[in-house]
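Any read-out appearing in this document is the output of simple, stated calculations on the displayed coordinates, not a laboratory observation. Predicted model, so just to flag it, every value in this text is computed and none were measured. Here the Cβ positions follow ideal geometry from the backbone for every residue, glycine too, while neighbour counts run over all protein chains shown.
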Amino acid sequence: MRRKGIVLSAFAVLLFAAGPGMFCRPEKSIVPLRPEHTAADPDNLAVCIADYYSHGRSTAQTPDVRILDSVSVGGTRYVLMEIDGQLGSAVLSENSGGNYRIDHIGYGNVDFRESIIESDGRKYLLLAGKDKGMDVACVTFRLGGVPHEIRVARSQNPPDGTFFVCAEVNCHTDDAHLDLDTLALYDSEGRNISDALGWTLGGSF
């Protein structure tokens, strides 16, 4: 799959390592953090993110925040969301009391978000995108020369036309993002739907 036109502008249950033949189930307004920005449970997370978004702006703005999905890796929670209809993400850190503090948020008019993160010497891919009704069921790519294949479990996906996976990847890679020229997406019938999806603009976590 040729993805030369993709632009990276600046993602779920924790899954097993994906190697050859191994399957896995599965911008930017950064504002100062205030101490009271904590999310004790997912139910008030959208409210906390909206407050975080609005803090420090010259005019009051209350965005429409929809939490789509999230995954915890180590002591960090990565959240997939929409802000005013735009695909976004939030990164939260856990404190000793089990509450989460919002570290930063990102959002924009993008088709997908992806990052490679590290925790306790292991590396993971976060990948989320708009499936546009095409039922993304499998993702393949190469990372550090190693082929990876990830199965997308539909029951674990947000029910609104997006998908979100987290999978352990080659721990020896120094890359912080995918080589998008090697990325391919397939539906449940095994058809390559990469070009049909038409992803052109991406963001990170």
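Each row is one residue, and each column tells you yes or no for (1) over 30 Å from residue 188 (Cα atoms); (2) within 16 Å of the chain's Cα centre (by Cα); (3) buried (at least 18 other Cβ atoms within 10 Å of the Cβ).
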{"residue": "78", "(1), (2), (3)": "no, yes, yes"}
{"residue": "83", "(1), (2), (3)": "no, yes, yes"}
{"residue": "87", "(1), (2), (3)": "no, yes, yes"}
{"residue": "97", "(1), (2), (3)": "yes, no, no"}
{"residue": "103", "(1), (2), (3)": "yes, yes, no"}
{"residue": "107", "(1), (2), (3)": "no, yes, yes"}
{"residue": "115", "(1), (2), (3)": "no, yes, yes"}
{"residue": "123", "(1), (2), (3)": "no, yes, yes"}
{"residue": "129", "(1), (2), (3)": "no, yes, yes"}
For segment 77-102, which residues satisfy the criterion of being among the polar types (S, T, N, Q) and closer than 16 Å to residue 63 by Cα? 86, 89
Grab the strands (runs of 3 or more DSSP E) fully contained in segment 73-188, keeping just those with 3 or more residues being within 19 Å of residue 46 (Cβ to Cβ) and not hydroxyl-bearing (Ser, Thr, Tyr). 76-83, 86-94, 100-108
Residues that are under 14 Å from residue 66 (Cα atoms) and among the hydrophobic types (A, V, I, L, M, F, W, C), drawn from segment 78-113: 79, 80, 81, 83, 87, 90, 105
